[in-house]
């Protein structure tokens, strides 16, 4: 809203600052500071953007499977003793002492040390594990990996340079047999 002063037959928009200048007899100049004047009357802007409808733009929402997946990270300064359960994906770069279970994917980083059993959908191993790994899909041992334990997996990939000390059972039948033996009793 702006103030209007009627003079002659035309309508002029003025600010309190301009009215004071006209009373004193000086030529009105636009105020240098758009803030409120020192007068007791509230300052009202001439071209207020609040009087006009606001336009908002919205970005398109993407729901690809890569964006909807949550990746959780346990950094190298994290140490956990006990059972660890998670959903979706987890990257461990710290020390875990205990069982790790999930329906998601696990990545054991180069700085990580896991001492205990791992039961997940898939595992990518860069670090060190002392314990058995049972995965329903894929187990990958990268060149820096050290595994001291047995592996049961749908598929197993071992890069040159990886250290594996244990037995391996690979294939859908091996996973099914491991799940029958290890399934929790109600």
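The values are calculated or read from the model by the stated rules, or taken from the named source; none is laboratory data. Just so you know, these numbers come straight off a predicted model, no measurement behind them. Backbone-built Cβ (ideal geometry, glycine too); neighbour counts: all protein chains shown.
One residue stands out among those in the stretch 132-152 that are in a loop (DSSP other than H, G, I, E, B) and touching a strand residue (DSSP E or B) at 6+ places or on another chain (Cβ under 6 Å): the one that is nearest to residue 78 (Cα to Cα), which is 145. Taken together, 108, 135, 152 contain a single residue that is at pLDDT 95 or above and in contact with a helix residue (DSSP H, G or I) (Cβ under 7 Å, 6 or more places away or on another chain), which is 152.
The combined condition, being under 30 Å from the mean Cα position of the chain (by Cα) and crowded, with 17+ Cβ neighbours inside 10 Å, is fulfilled by residue 133. If you filter the stretch 82-97 down to residues that are loosely packed, with under 15 Cβ neighbours inside 10 Å and either in contact (Cβ under 8 Å) with a residue 24 or more places away in the chain or out of contact with any strand residue (DSSP E or B) (no Cβ under 6 Å at 6 or more places or on another chain) (or both), you find that the one that is nearest to residue 140 (Cα to Cα) is 88.
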